[in-house]
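Down below is the structure, laid out as structure tokens.
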Amino acid sequence: MAPKPKEGKAEVTAIRWPRPEVIEVDLRMVEPAELPFEAGQWISVPFGPKTVRAWSMLSTPSRKGMLTLSVDVAPAGMGSQWLRGLKVGDVVAFKGPTGGFVFNRADPRRAVFFAEEIGIVPVRSILADLYETGFGRPAILILWARDPSWLLYDAEFRSLARRYPGFTYVPAVREAPAGWRGETGEPAQVIDRLVHSVDRLVVYACGGGDTINAVRDVLVKKGMDRKSVKWEKFW
């Protein structure tokens, strides 16, 4: 059972920019000292009585007392501007954990993960948690981006695939640059080519709403039950 959301406070301990539009923020829990959560969940930061912004954890539950967020700040909205202004030592008030985009270990079906750009954040948390806790079953990650520079955490997933033979990583981009050796095309086209059978398959998809709908439609046409596509919409 997922932990119930609670009020919390955490201190910013580090800030990184893996690319100009993406910020990573490390948070050390202050109150409470630890925040139990399930990989794939998120926290929400209030910006007024009825205004909040929700961001998924990039980190895994095993990092006791620490959280890492990874956020695309390109939209330049209220939350993006606030994140850009954070400094080490700032205290962040939030509520969490929240969200049902979590992996069901009791499900015997083959797992395919699909992520679109910054939608990789909760999927990264799930996969890192699975493999660092002895998950021995095969799984596939299809990570799609407009171009290779948006394949976030690409090196990490390539390393994971080398270390765990049961894990397959497939990067894909809209248009192939010179020397590209991965998949190309729109998300639905890539899924259509790579997923040959939906028998005993469960799919976890995260990204934009239009992309999730297109991916799900392709899988349903192949015979998949719509409920077998678990999704988290980021925009």
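Identify, from the list THR211, THR184, the residue that is touching a residue at least 12 places away in the same chain (Cβ under 8 Å), over 23 Å from ARG105 (Cα atoms), surrounded by 19 or more Cβ atoms within 10 Å (Cβ to Cβ) and not basic (Lys, Arg).
THR211
Can you tell me which residue is surrounded by the fewest Cβ atoms within 10 Å (Cβ to Cβ) among those in the range 75-94 that are over 14 Å from ARG16 (Cα atoms) and under 19 Å from the mean Cα position of the chain (by Cα)?
Checked the range 75-94; the qualifying residue surrounded by the fewest Cβ atoms within 10 Å (Cβ to Cβ) is PRO75.
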Open item on the list: Given (1) modelled with pLDDT of 95 or more; (2) surrounded by fewer than 17 Cβ atoms within 10 Å (Cβ to Cβ); (3) over 13 Å from LEU83 (Cβ atoms), identify the lone condition not met by TRP42.
Closed with: (2)
- [ ] Select from the range 107-135 the residues that are over 18 Å from ALA155 (Cα atoms) and at pLDDT below 95 and list them in ascending order.
- [x] THR133, GLY134, PHE135
TODO: Filter the range 167-186 for residues that are in a strand (DSSP E or B) and either within 17 Å of the chain's Cα centre (by Cα) or at pLDDT below 95 (or both) and give the result.
DONE: PHE167, THR168, TYR169, VAL170, PRO171, ALA172
Open item on the list: Condition (residue is over 30 Å from GLY79 (Cβ atoms), open to solvent by 30 Å² or more (accessible area, probe 1.4 Å) and within 20 Å of the chain's Cα centre (by Cα)) applied to the range 214-232: is it met by at least one residue?
Closed with: yes
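Residues of the range 187-208 being closer than 21 Å to ALA111 by Cβ and either part of a loop (DSSP other than H, G, I, E, B) or over 21 Å from the mean Cα position of the chain (by Cα) (or both), which ones?
Matches in the range 187-208: ASP192, ARG193, VAL195, HIS196, SER197, VAL198, ASP199, ARG200.
Can you find a residue that is among the polar types (S, T, N, Q), more than 21 Å from ILE23 (Cβ to Cβ) and assigned to a loop (DSSP other than H, G, I, E, B) anywhere in the range 42-60? Walk me through how you get there before you give the answer.
Taking the range 42-60 as the starting set, the residues that turn out to be among the polar types (S, T, N, Q) are 44, 51, 56, 59-60.
From what's left, more than 21 Å from ILE23 (Cβ to Cβ): none.
No: the range 42-60 contains no residue that is among the polar types (S, T, N, Q), more than 21 Å from ILE23 (Cβ to Cβ) and assigned to a loop (DSSP other than H, G, I, E, B).
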Open item on the list: Every residue in the range 131-163 that is farther than 14 Å from PHE113 by Cα, of a type outside the set (Val, Ile, Thr), open to solvent by 70 Å² or more (accessible area, probe 1.4 Å) and in a loop (DSSP other than H, G, I, E, B), please.
Closed with: GLY136, ARG146
Task: Filtered residues of the range 62-90 (kept if in a loop (DSSP other than H, G, I, E, B) and touching a helix residue (DSSP H, G or I) at 6+ places or on another chain (Cβ under 6 Å)) - done: VAL73
Open item on the list: So, GLU21, is that one in contact (Cβ under 8 Å) with a residue 24 or more places away in the chain, open to solvent by 40 Å² or more (accessible area, probe 1.4 Å) and farther than 16 Å from VAL71 by Cα or not?
Closed with: no
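Hey, does the range 114-125 have a residue that's over 16 Å from ILE212 (Cα atoms), out of contact with any helix residue (DSSP H, G or I) (no Cβ under 6 Å at 6 or more places or on another chain) and not in a strand (DSSP E or B)? First the steps, then the outcome.
Restricting attention to the range 114-125, the residues satisfying the condition of being over 16 Å from ILE212 (Cα atoms) are 124-125.
From what is left, the residues that are out of contact with any helix residue (DSSP H, G or I) (no Cβ under 6 Å at 6 or more places or on another chain) are 124-125.
Cutting the leftovers down to not in a strand (DSSP E or B) gives us 124-125.
Yes, the conditions are met somewhere in the range 114-125.
The values are calculated or read from the model by the stated rules, or taken from the named source; none is laboratory data. Source: prediction; values computed, not measured. Positions of Cβ are generated from backbone atoms using ideal geometry, with glycine treated the same way; all protein chains shown enter the neighbour counts. Only protein heavy atoms, including side chains, enter the accessible area calculation; ligands, DNA and RNA are left aside. Shrake-Rupley method; radii C 1.70, N 1.55, O 1.52, S 1.80 Å.
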